[in-house]
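Okay, so here's the structure we're looking at.
The values are calculated or read from the model by the stated rules, or taken from the named source; none is laboratory data. If you're wondering where the values come from, they're calculated on a predicted model, not measured in any experiment. So basically every Cβ, Gly included, is an ideal-geometry build from the backbone, and we count neighbours across all protein chains shown.
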Amino acid sequence: MTPSPKRVFVLGATGTIGRATVQALLRRQYDVVCFIRPRAAGGGARTAGGAARAAGGAAPAPEERARVLAGATVRFGDVQDPESLARNGFMGERFDALVSCMASRTGSPQDAWAVDYQAHVNALAAARSTGVSHVVLLSAICVQKPLLAFQHAKLKFEKTLMESGVAYSIVRATAFFKSLSGQVERVKQGKPFLVFGDGTLTACKPISDGDLAEFLAGCLEDESRRNRVLPIGGPGDAVTPRQQGEYLFSLLGREPRFRHVPVALLDAIIGVLSTAGRVVPRLAEKAELARIGRYYATESMLVLDPETGRYDSAATPSTGTETLFDFYSGLARGERAPERGDHAVF
Ligand SMILES: NC(=O)c1ccc[n+]([C@@H]2O[C@H](COP(=O)([O-])OP(=O)(O)OC[C@H]3O[C@@H](n4cnc5c(N)ncnc54)[C@H](OP(=O)(O)O)[C@@H]3O)[C@@H](O)[C@H]2O)c1
């Protein structure tokens, strides 16, 4: 008799990495159940095709959101409501694993605590009662130096998960391609590439959606990834923003042109918004978004050496085959579509 496939409950299946992870799980013959909300909320919510709703497109209907997850079972409900999770999500059935690529779409403190922390706490409690014995959580490498609300929210859930007694694989990824592709169009239009400082303040090991998805799905099978916090980047050496710009110009056969933006400009914006935010709460949220921008302008997405306080490319593990420069080449040839990232500073 053929053994029945393992059942995996997926959160965040409509996001960039969630969609790729569902495909990776289906390729490995898992029985995948995705729990999604009927419609994405406002803010920077994107359609499954990656087009920003803020850009004017209508919010996709529930059926359309489910269509991109073909091959998986899609259930609708509210992950922030424990009753809905049990009734509409797990439905009293048995599951083997929970995989979460879910994260706040806005990064605002309120949303981060509601989604990155509390919704995950709800899901973990519900999952345990259905037999789930392993949780794979997509996190971010930046939580190793937490300065922002969303990083504290992620860290707090990481701790809850590690102390829960359920086996865990916490995957702290470096930068995604979408977060590093915001300037491809402006360079194609002949504009300069914007960098903070001289463009070498930070570096990262970019990882493709597909390579990260494979790594996440592989956590269910690779014993060595159990009960581990796993920082992970893509193949090759770390790249700086300056190198990204230089590669784009050479790809397009243009002379490199950079515009240097002082970090002090972000500090000034943060100062003004923080002061105004004491009176207008909406501006306090904007101040936090500016702080997120400053963080990514000045902190590398690499493993941090606690002894020296330095970011260490060699200590940052690599996986996969696709490089950011492969992706840029695909964008330049019009074979790939850009998707603006939540962590894109420009
Ligand atoms: N961007 C980077 O460079 C980078 C680097 C390292 C790590 N990360 C981390 O990777 C993770 C995933 O990134 P991503 O780009 O794949 O995220 P994403 O595209 O923004 O997707 C977020 C997912 O979470 C879901 N979600 C958000 N709020 C929800 C709510 N209230 N209820 C139900 N579902 C909700 C979204 O559903 P809807 O479709 O319904 O909105 C979506 O499926 C994040 O934790 C991020 O911090 C990002």
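Between a first residue in segment 7-29 that is closer than 22 Å to Lys178 by Cα and a second residue that is of a type in the set (Ser, Thr, Tyr) and more than 6 Å from the ligand (Cβ to nearest atom), which pairs have beta carbons less than 6 Å apart while being 6 or more apart in sequence or on different chains?
Leu11/Ser100; Gly12/Ser100
For the condition within 25 Å of Arg128 (Cα to Cα), assigned to a helix (DSSP H, G or I) and either modelled with pLDDT of 95 or more or of a type outside the set (A, V, I, L, M) (or both), what is the one hit in Thr21, Thr14?
Residue meeting the stated conditions: Thr21.
Can you pull out every residue in segment 167-188 that is in a helix (DSSP H, G or I) and over 13 Å from the mean Cα position of the chain (by Cα)?
Val184, Glu185, Arg186, Val187, Lys188
Under 7 Å by Cβ, and 6 or more places apart or on different chains, what pairs join a residue from segment 136-147 that is within 14 Å of Ile207 (Cβ to Cβ) and modelled with pLDDT of 95 or more with one that is among the basic types (Lys, Arg) and near the ligand (Cβ under 9 Å from one of its atoms)?
Final answer for the pair search is Ser139/Lys154; Ser139/Arg172; Ala140/Lys154; Ala140/Arg172; Ile141/Arg172.
Give just the number: which of (1) more than 11 Å from the ligand (Cβ to nearest atom); (2) of a type outside the set (Asp, Glu); (3) within 26 Å of Gly277 (Cβ to Cβ) does Val132 not satisfy?
Result: Val132 fails condition (3) only.
Checking the conditions here, which among Ala140, Ala86, Ala123, Ala119 is surrounded by 20 or more Cβ atoms within 10 Å (Cβ to Cβ) and more than 9 Å from the ligand (Cβ to nearest atom)?
Ala123
Search segment 94-116 for residues being touching a helix residue (DSSP H, G or I) at 6+ places or on another chain (Cβ under 8 Å) and assigned to a strand (DSSP E or B), and hand back the single one that is surrounded by the most Cβ atoms within 10 Å (Cβ to Cβ).
Among residues in segment 94-116 that are touching a helix residue (DSSP H, G or I) at 6+ places or on another chain (Cβ under 8 Å) and assigned to a strand (DSSP E or B), the one surrounded by the most Cβ atoms within 10 Å (Cβ to Cβ) is Val99.
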